[in-house]
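The values are calculated or read from the model by the stated rules, or taken from the named source; none is laboratory data. Computed from a predicted structure; not experimentally measured. Here the Cβ is made from the backbone with ideal geometry for all residues, glycine too, and neighbour counts use every protein chain on show. Calculation scope for accessible area: heavy atoms of the full protein, side chains included, ligands and nucleic acids excluded. Shrake-Rupley method; radii C 1.70, N 1.55, O 1.52, S 1.80 Å.
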Amino acid sequence: QVRLVESGGGLVQPGGSLRLSCAASAITFNFYNMSWYRQAPGKERALVARIDSEGMVFYADFVKGRFTISRDNTKNTVSLQMNSLNPEDTAVYYCIANLVFNDFWGQGTRVTVSS
């Protein structure tokens with residue numbers, strides 16, 4: 001059974017940093033494109049960042065220069081380093097593994113940016 005387990009969320013002050021991690025199991029991880037989405041209160045889910053199986057990355061405009069996505073194929077993990085956080089970054093962050101038409105989602109980890 002495929003599992004994606006996110007960790008690292010929490011409460012942080014504006015301007016602070018958090019590092020999210022997602023551990024995947026029961027997939028051939030290095031074949032999968034890995035993404036982070038987020039869903040803010042009252043808003044639709046939005047793509048935050050993506051790293052494909054070749055290591056190419058994509059960032060949403062609203063996180064460029066602040067967030068960094070990376071993957072470790074030896075540990076089956078994908079991470080999201082989030083710097084310069086602001087209250088608009090408050091959301092539940094989801095890890096997604098994609099291969100062709102197969103998408104697997106984690107349960108999400110909550111990030112709250114507040115003073």
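Couple of notes before you dig in:
- The chain, relative contact order [Cα under 8 Å, separation at least 6], %: 37 percent
- Lys/Arg +1, Asp/Glu -1 at C-beta; region 1-82 dipole; positive extreme among 9, 76, 33: 9
- Taking amide H positions as modeled 1.01 Å from N, with prolines and chain starts lacking one, no residue 5 or more places away or on another chain lies under 5 Å from residue 66.
- Karplus-derived HN-Hα couplings along region 30-47 (A = 6.51, B = -1.76, C = 1.60, θ = phi - 60°), whole Hz, x at Gly and Pro: 5, 7, 8, 7, 10, 9, 10, 10, 9, 10, 7, x, x, 10, 7, 4, 9, 5
- Radius of gyration and Dmax over the Cα atoms of the chain, both given in Å: 13.3, 41
- Rg over Rh [alpha-carbon atoms, Kirkwood Rh] for region 22-78: 1.01
- Database remark: amide H of residue 84 closer than 5 angstrom to no amide H (H placed geometrically; neighbours at sequence offset of 5 or more, or on other chains; Pro and chain starts carry no H).
- Top of 19, 50, 66 by mean-square fluctuation, Gaussian network on the chain, Cα under 10 Å: 66
- Expressed as a whole percent, the accessible area of the chain that falls on carbon and sulfur atoms is 48 (1.4 Å probe).
- Order by protection proxy (mean Cβ within 10 Å, highest first), peptides 24-31, 35-42: 35-42, 24-31
- Accessible surface area normalised per residue over the chain is 55 Å², counting heavy atoms of protein chains with a 1.4 Å rolling probe.
- Here the chain is assigned +1 on the Cβ of each Lys and Arg and -1 on the Cβ of each Asp and Glu. Its dipole about the Cα centre then comes out at about 180 debye.
- Solvent exposure ordering (accessible area, 1.4 Å, most first) of 2, 92: 2, 92
- Förster radius 25 Å - calculated FRET efficiency between residue 5 and residue 115 (Cβ-Cβ, nearest 0.05): 0.25
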